[in-house]
Structure formats: structure tokens, C-alpha cells
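The structure appears right after this line, and notes come after that.
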Amino acid sequence: MNISFEGKRILVTGAGSGIGRAVALRLSKFGANVIAVSLPDKSFDTLSEEDPKIEIVKVDLTDWNATKDALQSVTPVDHLVNSAGMFRGHAFLDVTAEDVDESFNINFKAAINVSQIVAKDLIARGKPGSIVNISSQASQAAFHDHTVYCCSKGAVDQLTRVMSLELGPHNIRVNAINPTVVMTELGRQAWSDPKKAANMKSKIPLGRFAEVEEVVDAITYLLSDRSSMINGVTLPVDGGFLAT
């Protein structure tokens with residue numbers, strides 16, 4: 001299946017590392033003009049070295065007004081990938097107000113803000129578009145020490161459904177993907193304990209974790225015209241975890 005984004009401007013948040021970075025590089029390879037957004041750090045600086053065609057925007061997405069100022073200047077945008085996110089692992093009885101605020105600010109609130117910017121631009125221009133939100137299997141399954149993360153990703157799933165309902169009449173599709181553990185650099189570190197990894201893999205029918213490119217494949221498909229009748233779905237990329 002050939003997919004091309006020639007002539008399309010695609011904004012990717014959380015593009016400094018992990019899934020967001022891999023998505024930005026893939027979309028650029030497929031001809032898109034990519035606007036990569038992340039916090040200013042050394043890993044983000046290397047992205048433009050790896051692919052000089054990618055436009056870099058450094059901003060703290062938890063700052064609502066600074067984000068608006070930074071991103072309104074890069075429109076028009078045709079598609080959006082909301083990949084920025086964070087994880088704080090605490091047992092329910094140990095969750096703090098700061099845990100809730102920090103997690104929801106980046107995992108949920110930032111997605112609303114960035115999506116509004118992109119959607120309003122598309123509607124004003126009368127153009128179709130596609131938005132993909134990065135959720136998690138943790139939005140639909142409970143995990144120890146994942147209270148705030150599970151709740152924030154559950155909010156992302158419901159946000160995706162509401163956005164698809166309200167933006168669909170403007171020919172703007174909104175979907176989410178819900179990966180299992182993904183073998184990003186951080187993922188490999190977090191699941192390096194063989195016993196811990198074996199326990200999780202035993203719950204995945206395919207018996208393994210997801211590779212980054214497998215997640216990127218799903219995002220690319222949902223962004224593209226090949227998925228033109230898919231709207232409002234939360235797509236597991238989990239090897240069957242949620243089916244068990």
C-alpha cells in the first residue's frame with residue numbers, strides 16, 4: 001500500500017524522542033513538511049541534524065498561551081499527531097495533586113489546545129484533515145501504580161470520540177492508537193527486568209512487546225487517505241492484550 005504525504009504539512013508533538021520522533025522522521029520520508037514540537041533539549045536538537053527538512057518548534061506544551069503563540073505561527077497545518085505525553089508511576093494511595101496536574105496537563109490538556117489550533121485553521125480554510133491521538137492500552141485496562149496515567153489516557157480516548165463527533169462534519173477525522181509496551185529507548189529501560197517483562201508478555205497473545213515502527217505504521221495509516229472512512233476509533237496496537 002503506497003502512502004504519500006507530498007504537499008501536506010503535518011504537526012507532531014512530543015517529537016524529541018520515542019514514538020513522536022519516529023513518526024516525524026517517517027512522515028518526512030513520505031514527503032510531508034513536518035513541524036516537530038517538543039521541549040528544548042539535546043535529543044530534540046539532534047532531530048534537525050538527522051533530517052534537516054523537519055521544522056523545529058521548541059515550546060512547553062503545558063503552557064497554554066505560549067503554545068498558542070508558538071503554533072499559530074506555523075499554520076496552515078493539514079494533519080496532527082498528538083504524541084506528547086508523560087508517565088508518573090505511583091500507587092493510588094500515594095498519588096499527589098502534582099501528579100494529577102502534571103500528567104493531565106501534558107497527556108490531555110495539551111492535546112485539546114494543539115488540536116483546537118489545528119482544527120480551527122482547517123475549518124477556516126475549508127480543508128479536510130486527520131488527527132491521531134496517542135493513547136495507551138492503559139486507557140482500557142487497570143495496572144498497578146498507573147492511577148493517573150490510566151485516567152489521563154482514558155480521557156484521551158473519550159476526547160478522541162467527542163472530537164470525531166464534532167469535527168467529522170468538517171471532514172476532519174480524529175482517531176487514537178492504544179499501544180502496549182513499546183520498545184523505545186525508555187521502554188527498553190523500563191522493562192529491562194526479565195521477570196517484569198515476562199509477566200507482561202504472558203498477557204499478550206503474540207508474546208512480545210511492540211516495536212516503534214509497528215506503532216508508526218498504525219499512525220501513518222490513520223493519518224492517510226487510506227483510512228478515509230475511519231473516524232472515532234481507539235485502535236489497539238497491543239498484540240491482543242485487550243482481547244484477553
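Computed quantities for the displayed model
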{"item": "Sorted peptide list for 39-45, 72-78, 82-88, criterion being average Cβ within 10 angstrom, highest first", "result": "82-88, 72-78, 39-45"}
{"item": "Local electrostatic count at V37 - Lys and Arg +1, Asp and Glu -1, tallied over other residues with Cβ under 12 Å", "result": "0"}
{"item": "Where the Cα pairs of the chain fall when distances are cut into 10 Å bins, in %", "result": "8, 32, 39, 18, 3, 0"}
{"item": "Ranked packing of 132-141, 199-208, most packed first, by mean Cβ within 10 Å", "result": "132-141, 199-208"}
{"item": "Sorted by Cβ neighbour density within 10 Å, fewest at the top, the residues T13, T62", "result": "T62, T13"}
{"item": "Sequence-separation-based contact order of the range 92-244, relative, with Cα cut under 8 Å and 6+ spacing, percent", "result": "27"}
{"item": "Nearest-0.05 FRET efficiency for S48 and D225, computed from C-beta distance (R0 35 Å)", "result": "0.80"}
{"item": "Paramagnetic reach from D193 in the range 133-149 [backbone N under 14 Å; point 7 Å along Cα→Cβ]", "result": "144-146"}
{"item": "Derived scalar couplings ³J(HN,Hα) [the range 67-78; Karplus, 6.51 cos²θ - 1.76 cosθ + 1.60; whole Hz; x for Gly, Pro]", "result": "5, 4, 4, 6, 8, 5, 7, 9, 5, x, 10, 9"}
{"item": "Amide H partners (placed H, <5 Å) of V233, local residues excluded", "result": "A176"}
{"item": "Average Cα contact separation per residue, the range 66-129, under 8 Å, 6 or more apart, as relative contact order %", "result": "54"}
{"item": "Extension gain from I112 to T96, taking 0.36 nm per residue of separation minus the Cα-Cα distance", "result": "3.4 nm"}
{"item": "Ascending count of other beta-carbon atoms within 10 Å, so fewest first, for E49, E214", "result": "E49, E214"}
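Laboratory data are not the source of any read-out in this text; all were calculated from the coordinates shown. Predicted model only: the values in this text are computed from it and were never measured. Note that we place each Cβ from the backbone using ideal geometry, even for glycine, and neighbour counts take in every protein chain shown.
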